[in-house]
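Encoded as structure tokens, the structure appears first; notes follow it.
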Amino acid sequence: MSNVKEKAVIRAVPSASDVEIVGDIFVGATVHGLYKYDANGASHEGLSRFYWHLNGERLSDEGQLDLKLRPSDDGKFLQFSVVPVDSAGTTGSEYFSQFYEVRSGFQGISDEENEWCYLKQRGNFSFHVPEPSDRIFVSSGGAFALLEPTSGDVHLEGQTGWGLPVPPEIVNFLKNNKAIKLFSAEFSFAALVNVGSTNQLLCWGNTIPSTAPILQGVKSVYSTRSAFAVILDNPAPGADSIRAIGPVNNPVSTVPAEIQRELWFDPPKVIYAADDAFAVLTQNGRVYAWGQPNNGGNIPPDVRAHLNSMFVTRIVASAISFCAIGRDGDIAVWGAATGGGSIPTDRLTSILDDGGVQSVIAATASFCAITRNRRRAVSWGRAAEGGDMSASAAQLAARGNIILCRSARWAFLMANSSGQAEAWGAPQYGGAPLTVQEKRQFRQVLKGAKAVPGYASRRGESSQSPRLRRNVSSSAIIVDGNLSLYANDVSFFLLSRHDDGRTNAIVLTGLNTHGGTMNPALRQTLMASLIRDVYCTNGAYGVITTQGGTDGAVSVWGATLAMEDAGEIPPELAEYLRSNVTELYSIKRFPYVVLPPPPPPIPPHTDPSFAARRTDGTYVLWGGNVRNQYFDPRAAQ
């Protein structure tokens, strides 16, 4: 009998390498897991499995390559992992990325400040609902710049004059030298690129002069409508520490020498933007400004003296004024005298007599402060645009316990913890007193709900307590759920959700054609959906939902395609938006009119758009200032 020697069969097992996370790891960002699949003699890739981990704990509800970072993730450590699976079902080991710390704020500006300011303060032109923080997609007022995460290539498309066309020299450079981050103003773009051991900011667009200075060694980048400002990293003693680039002969484009001298001994911490005006906050709590004098670029002597007596910790900007907040709750304002840049003595007194301010929310030409002690609301600025409250709003404001406050372009809406709510400002554009039915809807949501300022934990983390915060803003937590108040130019949207993500209530008010109403069928479907996130253009809203077992379904309402907005999905693109959308971005435009148009309420067309990012890395664009299209950036290389 012969001996038979058996040989062990070694089966090829797939593996993964270069596991990483791309996108800025900030609260509000949708980050992307990236890896390379290695067959190792096995078959091609099948249905590999993806996982996300916070502080070492796997998130049970997250199994895609993209992850939205929530406020409750702040300060935690994020990790992505992949279990490679080949087409025959052979499973490899689990491979992990390094840990990444999740941070809130951006370049020194807190998430609350960014929300409270009318123009958003992240170097990405926007207002109302802040844009996602990942910086993969940024937009001007009429074009977009897309950073393709797998290759680092930059794609730009949109309307000529809004950052397009891109000079061919910059096009060629970006093909050879990948951008680190993208930034935008309303008419221009900027890309931060590595140059040896330092970096350089490349700028282009209609407001960038041919004589623009070379900016290297950049630490932070900020933008207003027409200009960029930067804080430089480790400038030499006696050298400039901040710089600006913008239109020729516009004072926003040049930092005055006297400000540069002050910063030699008290370095800059952060820069805030109004329309064509910047304000820099220093490490020692001092404030300096430059730009258009009537928009906050000039600080009057009496305000200068008051600012010098304060230690400023936060700044909130309307479109044409600034409000500096001291660490003791005191405030100083400057800018357009009738647009929030001055505050009547009686209103300032009412703020200071109630402990100072805890929150300040800005519209285009007015502010609303919430006081520290009794959470009363006090507004000032352009009278017809929210600076003066209606009688009913003033009564509610005086009672205090305000729990929610949000601005539209020319109006405000607030609600207290008892469920009383009111709007004020331009009556045709979101500022009309709430109807009896609207007040009843707010009361049903808030009465007995024990609302407090804050935001809920991530869905699936029920063991954690909701995150509380002291400052009144647009979100609150309630018994068994949470509230969020949103706005576009001319309407408001209150969303109430249960802790498990189910929709509890939807309340709309404002201009009917621009988001103030939705059709009954859409309301029914949203009440039966899990609304993950809310976005807006100038006159429309978009939501990403889970419907049954389908993730990433997009619904929109508001100003339609015929109105040159994005509140309607083109039929030819509907199939791409029914599922697998992981993020929405908007291309907003600053309205052409300065004051609310007289009745009838027909806001001028501003041509905004939406862009949807899908889990497969493709995009869907539709609205007023883009070609309605399905876009694959990898095919466009």
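Where a number appears in this text, it was derived from the coordinates with a stated rule and is not lab data. This is a predicted model, so every value here is computed, not measured. Note that each Cβ is placed from the backbone with ideal geometry, even for glycine, and that neighbours are counted across all protein chains shown.
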**Per-residue ³J(HN,Hα) for the range 43-60, Karplus 6.51 cos²θ - 1.76 cosθ + 1.60, θ = phi - 60°, Hz, x for Gly and Pro** = 7, 5, 5, x, 8, 5, 10, 10, 9, 10, 9, 10, 6, x, 9, 5, 7, 5
**Message:** Among 138, 125, 168, whose Cα projects farthest towards the positive end of the dipole of the range 89-196, with charges put on the beta-carbon of Lys, Arg (+1) and Asp, Glu (-1)?
**Reply:** 168
**Asked** Calculated FRET efficiency, residue 479 and residue 618, Cβ-Cβ r, R0 35 Å, to nearest 0.05?
**Response** 0.30
**Request:** Could you tell me which trypsin sites (Lys or Arg not before Pro) in the range 368-411 are loop residues by DSSP with no more than 15 other beta carbons within 10 angstrom of their beta carbon?
**Result:** 374
**Request:** May I ask you to list the lysines whose Cα is less than 16 Å away from that of residue 269, ignoring any residue fewer than eight positions away on the same chain?
**Result:** 219
**Asked** Under 13 Å from the Cα of residue 450, which aspartates and glutamates turn up, not counting those fewer than eight places away in the same chain?
**Response** 480
**Request:** Would you please give the residues with an amide H less than 5 Å from that of residue 199, counting only those at least 5 places away or on a separate chain, with H modeled from the backbone geometry?
**Result:** 217, 218
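Could you order the peptides 296-304, 110-118 from most to least packed, using the average number of other C-beta atoms within 10 Å per residue?
Going from most to least packed, we get 110-118, 296-304.
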**Asked** So what's the back-of-envelope 222 nm ellipticity for the chain, counting only DSSP H runs of four-plus at -39500 (n - 2.57) apiece and dividing by all residues, rounded to 500?
**Response** -3000 deg cm²/dmol
**Message:** Averaging over every viewing direction, what projected area does the convex hull of the Cα atoms of the range 511-637 cover, in nm²?
**Reply:** 8.4
**Complete:** If R0 = 35 Å, then residue 98 and residue 630, at their Cβ-Cβ distance, give a FRET efficiency to the nearest 0.05 of 0.55
**Around residue 516: net Lys/Arg minus Asp/Glu count, Cβ-Cβ under 12 Å** = -2
**Prompt:** So what is the relative contact order for the chain, in percent, with contacts set as C-alpha pairs under 8 Å and at least six apart?
**Reply:** 8
**Fill in**
Given Cβ charges of +1 for Lys and Arg and -1 for Asp and Glu, the option among 491, 42, 471 whose Cα lies farthest towards the positive end of the dipole of the chain is 471
**Message:** Taking a ≥ b ≥ c as the square roots of the Cα gyration tensor eigenvalues, with a/c under 1.5 meaning rounded and otherwise prolate when a/b beats b/c, else oblate, which class fits the range 15-101?
**Reply:** prolate
**Asked** Using a simple spin-label model with points 7 Å from Cα along the Cα→Cβ vector, what separation in nm is obtained for residue 436 and residue 373?
**Response** 3.8
**Complete:** If each part is reduced to its alpha-carbon centroid, the range 231-292 and the range 504-528 end up apart, in Å, by 44
**Request:** Within 10 Å, count the other beta carbons around each residue, average over each peptide in 163-169, 483-489, 286-292, and list them highest first.
**Result:** 483-489, 286-292, 163-169
**Asked** Which listed residue (569, 631, 549) has the Cα farthest towards the positive end of the charge dipole for the range 511-637, taking +1 on Lys and Arg C-beta and -1 on Asp and Glu C-beta about the Cα centre?
**Response** 549
**Item:** Backbone N within the range 34-74 under 13 Å of label point (7 Å from residue 11 Cα along the Cβ vector)
**Value:** 42-43
**Request:** Once you have a ≥ b ≥ c as the square roots of the Cα gyration tensor eigenvalues for the range 107-342, tell me rounded if a/c is under 1.5, and otherwise prolate or oblate according to whether a/b is larger than b/c.
**Result:** prolate
**Fill in**
Filtered hits (lysines, Cα-Cα < 25 Å from residue 68, offset >= 8 within chain) -> 36, 76, 120, 178, 181, 588
**Asked** About the Cα centre of the chain, what is the dipole size in debye to 20, counting +1 per Lys and Arg Cβ and -1 per Asp and Glu Cβ, all else neutral?
**Response** 1140
**Message:** I need the calculated FRET efficiency for the pair residue 347 and residue 264, taking r as the beta carbon distance and R₀ as 45 Å, to the nearest 0.05.
**Reply:** 0.75
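If you place +1 on the Cβ of every Lys and Arg, -1 on the Cβ of every Asp and Glu, and leave all else neutral, what size is the dipole of the range 514-585 about its Cα centre, to the nearest 20 Debye?
280
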**Prompt:** Based on the Cα atoms of the chain, what semi-axes does the equivalent ellipsoid have, where each is the square root of 5 times one gyration tensor eigenvalue, given in whole Å with the largest first?
**Reply:** 41, 31, 24
**Message:** So if I place +1 on the C-beta of Lys and Arg and -1 on the C-beta of Asp and Glu, and nothing else carries charge, what would the dipole magnitude of the range 511-637 be about its Cα centre? I want it in debye, nearest 20.
**Reply:** 160
**Item:** Chain lengthening between residue 283 and residue 401 when straightened (0.36 nm per residue, less Cα-Cα)
**Value:** 39.2 nm
